[in-house]
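Asks: Take a look at the following structure, please.
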Amino acid sequence: MSDLRIGIVGCAGRMGRMLVNQVSQTAGCQICGGTEPASSDFIGQDIMALAGLDAAGICVSDDTNSLFQQSDAVIDFTTPTVSVANAKLAAKHHTIHVIGTTGLSNSEQAEITACGNDAVIVQGANMSLGVNLLAQMTKKIAALLDDDFDIEVLEMHHHHKVDAPSGTALLLGKAAAEGRDVDHDTVADRGRDGITGARKKGDIGYAVLRGGNVVGEHTVMFAADNERIEITHKAGDRSIFARGAVRAALWAQGKPAGNYDMMDVLGLGD
Ligand code: NAD
């Protein structure tokens, strides 16, 4: 079987460069192009060289439509509006679309989900094996405990991060809500400041820290009187997300059009 041809949108970004590296190191796939916005200083530069590898004559372009046309799969860690537009290109060209972008509104998510009618779309707010295992454990623990245990999700990221709580924190909170069989958006308490009143029983609370170059740390706490369970994941390097995203692209080959997540890719269903 010939190599899967993978394009990277946002190839000069923090994750973009990691992804170029990861594709280059992974058997069964190869980089076929990458894009940045037309205004970017990186247009025309060698994609591999930007990722710290030997130059290979593949230059950063601003033509994302052509990227989707020429690729078997496109990996996209950019911004919500860009990922929505890209999902439409994936649907148009029937290209596998792996989306790691976080901070999507409900309406943006609905637009991407609709594109799953015509393309294989794999989305993951966190592409690492460890966090997806943490989500599974969170769901199971939440199902076993009653609401005498207050659930809090704590996250810390680097100071460049623009969305809060992180997509991963929300993924974990949603896993807890699923385990408890409650509607996440009804019980989520996403920000506390000032005289908030006592904690509401059954809420799932979020706390957000930002600073330094922290790649991503998440703790789910189950706090009852006199005892507390805490489960934590610490990402040491962005390569864990890139590895998961490339694995998702390879997994998606030959799958019917539809919307998939990392639980599907990693075989971590119920
Ligand atoms: P970044 O800002 O370093 O990179 C984003 C890149 O996208 C930039 O280079 C930017 O120029 C490019 N871009 C923007 N608009 C574009 C367009 N129209 N066409 C082509 N390129 C465009 O950000 P980052 O730290 O790499 O994170 C990107 C996203 O990935 C964020 O939403 C972040 O939360 C998410 N993320 C997800 C995971 C996961 O596992 N799912 C892990 C890490 C980061």
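Asks: For region 198-263, what number results from the quotient of the Cα radius of gyration and 2.2 N^0.38 Å?
Replies: 1.63
Asks: At a 1.4 Å probe radius, carbon and sulfur cover how many percent of the accessible area of the chain?
Replies: 50 percent
Asks: Do you know the relative contact order of the chain, to the nearest whole percent, from alpha carbon pairs under 8 angstrom that are 6+ apart?
Replies: 19 percent
Asks: Still on this model: List every residue whose amide H lies under 5 Å from the amide H of residue 216, counting only residues 5 or more places away in sequence or on a different chain, with H placed 1.01 Å from N in the peptide plane.
Replies: Correct list: 235.
Asks: May I pose another question? Near residue 140, which lysines are there with a Cα under 16 Å away, not counting those fewer than 8 places off in the same chain?
Replies: 174
Asks: Given 5 Å bins starting at zero, what is the percent of C-alpha pairs of the chain in each, up to the one with the largest pair distance?
Replies: 1, 6, 13, 16, 18, 16, 12, 8, 5, 3, 2, 0, 0
Asks: Still on this structure: Residues with amide H under 5 Å of residue 33's amide H, sequence separation 5 or more or different chain, H placed in the peptide plane at 1.01 Å from N; which?
Replies: Placed amide hydrogens put 8 under 5 Å from residue 33.
Asks: Hull surface divided by four, with the convex hull built on the Cα atoms of region 39-120: how many nm²?
Replies: So the Cα hull casts an average projection of 5.8 nm².
Asks: Let me ask another. When Rg is the radius of gyration of the Cα atoms in region 151-234 and Rh is its Kirkwood radius, what does Rg/Rh come to?
Replies: Value, to two decimals: 0.97.
Asks: Then there is this: Pick from 135, 198, 223 the residue whose mean-square fluctuation is largest in a GNM of the chain, springs joining Cα atoms under 10 Å.
Replies: Among 135, 198, 223, the largest GNM mean-square fluctuation belongs to 198.
Asks: Normalised by the number of residues in region 1-81, what is the relative contact order in percent for Cα pairs under 8 Å and 6+ residues apart?
Replies: 37 percent
Asks: Next up: Calculate, axis by axis, the spread of Cα positions in region 95-205 along the three principal axes, and write the results as whole Å, longest axis first.
Replies: 49, 32, 26 Å, listed from the longest principal axis down.
Asks: Let me ask you something else. Would you work out which of 47, 67, 167 lies farthest towards the positive end of the dipole of the chain, given +1 charges on the beta-carbon of Lys and Arg and -1 on that of Asp and Glu, about the Cα centre?
Replies: Value computed over the given set: 47.
Asks: Remind me, relative contact order of region 159-270 in percent, using alpha carbon pairs under 8 angstrom and six or more residues apart?
Replies: Relative contact order here is 18 percent.
Asks: Using alpha carbon coordinates only, what is the Rg to Rh ratio of region 33-170, with Rh defined as the Kirkwood radius?
Replies: In region 33-170, Rg relative to Rh is 1.05.
The values are calculated or read from the model by the stated rules, or taken from the named source; none is laboratory data. All figures in this text were calculated on a predicted structure; none of them were measured in a lab. Note that each Cβ is placed from the backbone with ideal geometry, even for glycine, and that neighbours are counted across all protein chains shown. Surface accessibility is based on the protein's heavy atoms, side chains included, excluding ligands, DNA and RNA. Shrake-Rupley method; radii C 1.70, N 1.55, O 1.52, S 1.80 Å.
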